[in-house]
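The values are calculated or read from the model by the stated rules, or taken from the named source; none is laboratory data. All values derive from a computational prediction rather than experimental measurement. A quick note on method: Cβ atoms are made from the backbone with ideal geometry, for glycine too, and the neighbour counts reach across all protein chains shown. Accessible surface is based on the protein model in full, side chains and every heavy atom, while ligands, DNA and RNA are left aside. Shrake-Rupley method; radii C 1.70, N 1.55, O 1.52, S 1.80 Å.
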Amino acid sequence: MTLWRLEWLRLLRTYRVIILPGLFLLSAILGPVLARYLPDLMESVGQGVEITLPEPTPYEGILQYVQNVDQLGLLGVAIFAAMSVAFDGKREFAVFLRSRASIPKILAPRLVAVYALSLVSLTVGGALALILTNALLGPPPVGEVIVGAFLYACWLGFVIALVTVVASFIRSVLVTSLVSIGIIILMGILTLVPQVGDWLPAELAGATIALMDGGGFVYVPPLLVATAVSIGFIWLAIHRLEAREV
């Protein structure tokens, strides 16, 4: 059995092939639905207090979806990536893998599988969000959403590379996940720093909202940084894992 087939079977048997898309689909459902019915819900529980809210728009439906993805979806990708690349966490399994293949051959199917699953999840989630937004709130800005989804896919690739390099320093899946999520949160905060934030890969995460707000395409710097740093992270992770004793 090849490592590629082994990884595919592992995705199926652990239900990750269902869970991760499910998180994105849940985000896609909650976004437009909350944007459409939250004002009505607040009025119904207002107990006689008059609450005036603006009429929900397609923008708000996509906004809610993107915010949900940045919480549920991104968390799922980081955790599943850690579960895939932190194979040294179980010594017996690590010995089994390392005795049969090199580190690049071990990592390749794991990285490709988790990234491919992330892209599928992002695609089906985005498609459902567009459909529900159109049905409940009106025509959404499809072009901006598609471009934003492409940039978010690049951001997810960076996140997976980040988790991989963190796993080369830490064996535990749980600690790898927590440290990676902490770094992601810190990067999100640093995007608020003028000049510095414009170059950070985390800037790609908010591209959809910025484009819908009428912003121009200013994402070449973070794209270049994300690509270069991701390659560097994978290179560093491979060399560290090759040198690490099981």
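For Asp198 and Arg244, calculate 0.36 nm times their separation in residues minus their Cα-Cα distance, and state this gained length in nm to one decimal.
On the way: separation 46, 0.36 × 46 = 16.56 nm, distance 3.55 nm.
Net length gain for the segment: 13.0 nm.
How much mean residue ellipticity at 222 nm does the chain get from its helices, if each DSSP H run of length 4 or more adds -39500 (n - 2.57) and you divide by all residues, to the nearest 500 deg cm²/dmol? Let's see the in-between values first.
Working: 10 runs with 179 residues, N = 246.
Helix contribution divided over all residues of the chain: -24500 deg cm²/dmol.
Write down the accessible area per residue of the stretch 178-235 in Å², having rolled a 1.4 Å probe over the full set of protein chains.
Numbers: 3200 Å² over 58 residues.
Ligands and nucleic acids excluded, the figure is 55 Å² per residue.
Any chance you could list P(r) for the chain, counting all Cα-Cα pairs in 5 angstrom bins from zero, rounded to whole %?
Result returned by the calculation: 1, 6, 13, 16, 16, 14, 12, 9, 6, 4, 2, 1, 0, 0, 0.
What's the extension gain from Ser172 to Ser99 if we count 0.36 nm per residue and subtract their Cα-Cα distance?
Details: separation 73, 0.36 × 73 = 26.28 nm, distance 2.06 nm.
Result for the pair: 24.2 nm of gain on full extension.
Using Cα centres only, tell me the gap between the stretch 10-36 and the stretch 90-134 in whole Å.
15
Determine ³J(HN,Hα), in whole Hz, for all residues of the stretch 59-73 in sequence, where each value follows from phi through the Karplus function 6.51 cos²θ - 1.76 cosθ + 1.60 and θ = phi - 60°; x replaces Gly and Pro.
4, 5, x, 5, 4, 4, 4, 4, 5, 5, 4, 5, 9, 5, x
Calculate how steeply helix 142-167 sits against the longest principal axis of the alpha-carbon atoms of the chain, using the helix alpha-carbon long axis, and give the answer as 0 to 90 degrees to the nearest 10.
30
Summarise the accessible area of the chain (1.4 Å probe, protein heavy atoms) by the percent that is carbon and sulfur. Before the final figure, lay out the partial values.
Working: 8800 of 12570 Å².
Here it works out to 70 percent.
From the phi of every residue in the stretch 8-18, what ³J(HN,Hα) in whole Hz does the Karplus formula 6.51 cos²θ - 1.76 cosθ + 1.60 yield, where θ is phi - 60° and glycine or proline is x?
Those phi angles translate into 4, 5, 5, 4, 6, 6, 8, 6, 5, 5, 9 Hz.
What FRET efficiency comes out for the pair Thr57/Ile19, r = Cβ-Cβ distance, R0 = 35 Å, nearest 0.05? Walk me through the intermediate numbers first.
Numbers: r = 32 Å, r/R0 = 0.90.
Given R0 = 35 Å and the Cβ-Cβ separation, E is 0.65.
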